[in-house]
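A.B. asks: Below is the structure I would like to discuss, written out as C-alpha cells.
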Amino acid sequence: MRKYFIVSLCLVFLILFSCSNTQIELLDLEQDKLIQVYFNHKFIQGKNYTDPYRQIQRSGDNLEEIIIEAINKATFSIDIAVQELRLPKIAQALAERYRAGVKIRVILENNYSRPLSELTPAEINKLPDRDRSRYQEFFTLVDSDRNRKLSITEINRGDALIILRNSGIPLIDDTADGSKGSGLMHHKFMVVDRQIVVTGSANFTLSDIHGDFANPETLGNTNNLVLITNKELADVFTEEFNYMWGDGPGGNLDSKFGLNKPIRFLKKIPLKNTTIEVFFSPISSTQPWENSPNGFIGQVLNNATESINLALFVFSDQKLADILQQKKQQGVNIKAVFESEFAWRYYSEALDLLGIAIKDNQCRYEANNNPWQIPLQTVGIAQLARGDKMHHKFTLIDRQTVITGSHNWSAAANHNNDENILIIDNPTVAAHFQQEFEGLYHQAALGIPESVKAKIKAQQKKC
C-alpha cells in the first residue's frame, strides 16, 4: 500500500513539473486526523487567502488564522513560548480569551519582549539596518491614518505587546532567571487546554507568516506549522514551558532557561498509525554529542535507506554533514534546499555537500572541514521574492519520517538555545512535507553560483 502511495505521488509531481518551468501547482492533500500540517508557501489550485494586513490575495495556508483558530478553542488554558510575537490579530484573540477567563501565559525572547512603540528616536537611530527596517515595517503597519505619527489609539490597536499588556496577560522573557538572557529563547510553540500543541518553524510575525507589509511581492519567510491533538504530547511541552516560566513575572528567580534546565531525554509518544518523538535543546557541550539533539538527528539520518530531503535555514554541524556523506556513499539519494543568507558562509555545511570550502576573514578554513570528494549535484538555493527567507528546519527521510521544529542544525541550537525537535513517523504527514520540498526544490538554483566561484578564486590569491 505504501509503495503504491509513493509511486502515485511521484507521478503527480512528474505531471506537475512537466507543465511549468517556473511555478508548480500542487494538489490539496488529505490531512491526518490528529496531525495537521500547514505551509505559508504553496500553490494549491483554488486555495488562496486574503492577507489581513496588506489586503492582497495570495496562495498558501494562512498560518495566523490556524493559530487564532486554536486560540479560540481554548476553554481553560493557553501557554505560548515564541521567540517573537508581533501580530496584533493574534494578540487580540489572546486578549479576548483572557477576558473570557482562560488562563494565558506568554514567554518571549528578551530581544523581542519590548513593545516597539516604546522605542525612543535615539534608540531607533542606533538600531542595526535589519532591526531598523523591521521597526519601519511595524510603524507603517500601525500608522493606519498614514500621518507619520503613532497615536495612542493606533498603538493600542496595532502593537501586539501593548495589546497583551493592556489585557493583563502575564508575560516573561528569558531574563526572568536573573540573567541577561539565554542563548536564544528560540521556541515557537503553543499548548491549548493541555490537549493541542501548535509548533513548527514560524515566529508570530508578519515576515514569518504573511510577508513584509511594504512589499506586496513577498509571501513571508517559508515556514511550516504542525497542529497535533494529543494530551501526552501536550503534557511534555507544558513541562518544558513550566521550567522556563517558574512562578511567573515578578516572582522568585526560579525560571530555568538554556542549560539551567535539567537534562531532558528523548520522549516517545505513540499515536494511532504514528510515532512522535520530541527532544528539547540545549544540552551541555560536555555531554557526548550522540546524546545531544543534533546527535539524535544523526541517529534518525542513519536510519535512511532510500532518500533524505533537506530544507534547512542554517546547517553548520560538521558531524551531521559527515553522516550525510556516509549515507550518500551507501546509495541514499540526497537532495537539499538551503537559504542563501547562510549557505555561502565559511562554516556552512552546504559547502561540504558541494565539495568546496570558503575561508574566513583570517584566511582560515572551518575546523574539521570536510568538502565531499564527489560533490552532490542536487543542492540548491531557494529562489524566493526579495525579502523572503527559506526559514524551514525540516528533513524528510524515506518519504516516511519527518524531522521538524524550531531547531536549526547548528552548535548554537544544540548547546545554547531553547529549542524543540519533533520526529514524526507518518506517511500522510510525510506526503505534505514531500510536496513542500518538491515545490522549493523545483524552483531552486542548483550548484555553485558564479559569484561564489569568484570569491573562492579571490581568496586563493589573497591567502
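The values are calculated or read from the model by the stated rules, or taken from the named source; none is laboratory data. Just so it is clear, the structure is predicted and the values come from calculations on it, not from any experiment. Ideal geometry is used to build each Cβ from the backbone, glycine not excepted, and the neighbour counts take in all protein chains shown.
A.B. asks: How many residues are charged (D, E, K, R) and surrounded by fewer than 24 Cβ atoms within 10 Å (Cβ to Cβ) if we restrict to the range 374-431?
C.D. replies: 6
A.B. asks: Exactly one condition in (1) touching a His at 6+ places or on another chain (Cβ under 8 Å); (2) over 30 Å from Cys463 (Cβ atoms); (3) assigned to a loop (DSSP other than H, G, I, E, B) is not met by Ala311; state its number.
C.D. replies: With (1) touching a His at 6+ places or on another chain (Cβ under 8 Å); (2) over 30 Å from Cys463 (Cβ atoms); (3) assigned to a loop (DSSP other than H, G, I, E, B) applied to Ala311, the lone miss is (3).
A.B. asks: From the set of residues in the range 36-62 that are polar (S, T, N, Q) and over 27 Å from Val197 (Cβ atoms), which is surrounded by the most Cβ atoms within 10 Å (Cβ to Cβ)?
C.D. replies: Applying the first criterion (polar (S, T, N, Q)) to the range 36-62 yields 36, 40, 45, 48, 50, 55, 57, 59, 62.
Adding the requirement that they be over 27 Å from Val197 (Cβ atoms) leaves 45, 48, 50, 55, 57.
Values: Gln45: 10, Asn48: 14, Thr50: 11, Gln55: 8, Gln57: 9.
Checking each candidate, the answer is Asn48.
A.B. asks: Surrounded by fewer than 21 Cβ atoms within 10 Å (Cβ to Cβ), of a type in the set (D, E, K, R) and closer than 28 Å to Ile172 by Cα: is that true of Asp247 in this structure?
C.D. replies: Against the criterion (surrounded by fewer than 21 Cβ atoms within 10 Å (Cβ to Cβ), of a type in the set (D, E, K, R) and closer than 28 Å to Ile172 by Cα), Asp247 qualifies.
A.B. asks: Shifting gears a bit: Could you say whether any residue in the range 208-229 is at pLDDT 95 or above and closer than 23 Å to Asp174 by Cα?
C.D. replies: yes
A.B. asks: Looking at the range 326-371 only, could you name the residues that are in a helix (DSSP H, G or I) and either surrounded by fewer than 21 Cβ atoms within 10 Å (Cβ to Cβ) or modelled with pLDDT under 95 (or both)?
C.D. replies: Listed by number, the residues that qualify are Gln326, Lys327, Lys328, Gln329, Ser340, Glu341, Phe342.
A.B. asks: Being β-branched (Val, Ile, Thr), at pLDDT below 90 and over 20 Å from His392 (Cβ atoms) narrows it down to one of Val12, Val102, so name that one.
C.D. replies: So the residue among Val12, Val102 that is β-branched (Val, Ile, Thr), at pLDDT below 90 and over 20 Å from His392 (Cβ atoms) is Val12.
A.B. asks: Okay, moving on. Across the range 63-85, what is the total count of residues that are over 26 Å from Gly246 (Cα atoms), charged (D, E, K, R) and either at pLDDT below 95 or surrounded by 21 or more Cβ atoms within 10 Å (Cβ to Cβ) (or both)?
C.D. replies: So the answer is 1.
A.B. asks: So, in the range 239-283, exactly how many residues are without any contact (Cβ under 8 Å) to a residue 12 or more places away in the chain and on the phi > 0 side of the Ramachandran plot?
C.D. replies: 1
A.B. asks: If you go through the range 280-295 one residue at a time, how many are crowded, with 23+ Cβ neighbours inside 10 Å and of a type outside the set (S, T, N, Q)?
C.D. replies: Selection size over the range 280-295: 4.
A.B. asks: So, one more: In the set Pro121, Pro115, which member is at pLDDT below 95 and either in the same structural domain as Thr140 (by TED's automatic domain parsing) or under 25 Å from Leu184 (Cα atoms) (or both)?
C.D. replies: Going through Pro121, Pro115 in turn, the sole match is Pro121.
A.B. asks: Here's another thing I want to ask about it. For Ile228, are the conditions met, namely being in a loop (DSSP other than H, G, I, E, B) and either exposed (fewer than 14 other Cβ atoms within 10 Å of the Cβ) or not basic (Lys, Arg) (or both)? Step through it out loud before you land on a result.
C.D. replies: Working: in a loop (DSSP other than H, G, I, E, B): no; either exposed (fewer than 14 other Cβ atoms within 10 Å of the Cβ) or not basic (Lys, Arg) (or both): yes.
Against the criterion (in a loop (DSSP other than H, G, I, E, B) and either exposed (fewer than 14 other Cβ atoms within 10 Å of the Cβ) or not basic (Lys, Arg) (or both)), Ile228 does not qualify.
A.B. asks: Same structure, new question: Can you tell me which residue in the range 291-336 is farthest from Ile423 (Cα to Cα), limited to those that are out of contact with any Pro (no Cβ under 9 Å at 6 or more places or on another chain) and among the hydroxyl-bearing types (Ser, Thr, Tyr)?
C.D. replies: Restricting to residues being out of contact with any Pro (no Cβ under 9 Å at 6 or more places or on another chain) and among the hydroxyl-bearing types (Ser, Thr, Tyr), the top hit is Ser316.
A.B. asks: Also, I was wondering about something else. In the range 380-463, which strands (runs of 3 or more DSSP E) lie fully inside it and hold 1 or more residues that are in the same structural domain as Glu232 (by TED's automatic domain parsing) and among the β-branched types (Val, Ile, Thr)?
C.D. replies: In the range 380-463, there are no strands (runs of 3 or more DSSP E) which contain 1 or more residues that are in the same structural domain as Glu232 (by TED's automatic domain parsing) and among the β-branched types (Val, Ile, Thr).
A.B. asks: Moving to a separate point now. Can you tell me which residue is surrounded by the most Cβ atoms within 10 Å (Cβ to Cβ) among those in the range 86-136 that are of a type in the set (D, E, K, R) and under 19 Å from Phe241 (Cα atoms)?
C.D. replies: Filtering the range 86-136 for residues that are of a type in the set (D, E, K, R) and under 19 Å from Phe241 (Cα atoms), the one surrounded by the most Cβ atoms within 10 Å (Cβ to Cβ) comes out as Glu109.
A.B. asks: Could you list, in sequence order, all residues of the range 71-110 that are outside any loop (DSSP other than H, G, I, E, B), out of contact with any Ser or Thr (no Cβ under 6 Å at 6 or more places or on another chain) and either of a type in the set (D, E, K, R) or over 18 Å from Ile163 (Cβ atoms) (or both)?
C.D. replies: Within the range 71-110, Ser77, Asp79, Ala81, Lys89, Glu96, Arg97, Arg99, Arg105 meet the criteria.
A.B. asks: Sticking with this structure for a sec: Among the helices (runs of 4 or more DSSP H) lying completely within the range 135-224, list those that include at least 1 residues that are of a type in the set (D, E, K, R) and free of Cβ contacts under 8 Å to residues at least 24 places away in the same chain.
C.D. replies: 152-158
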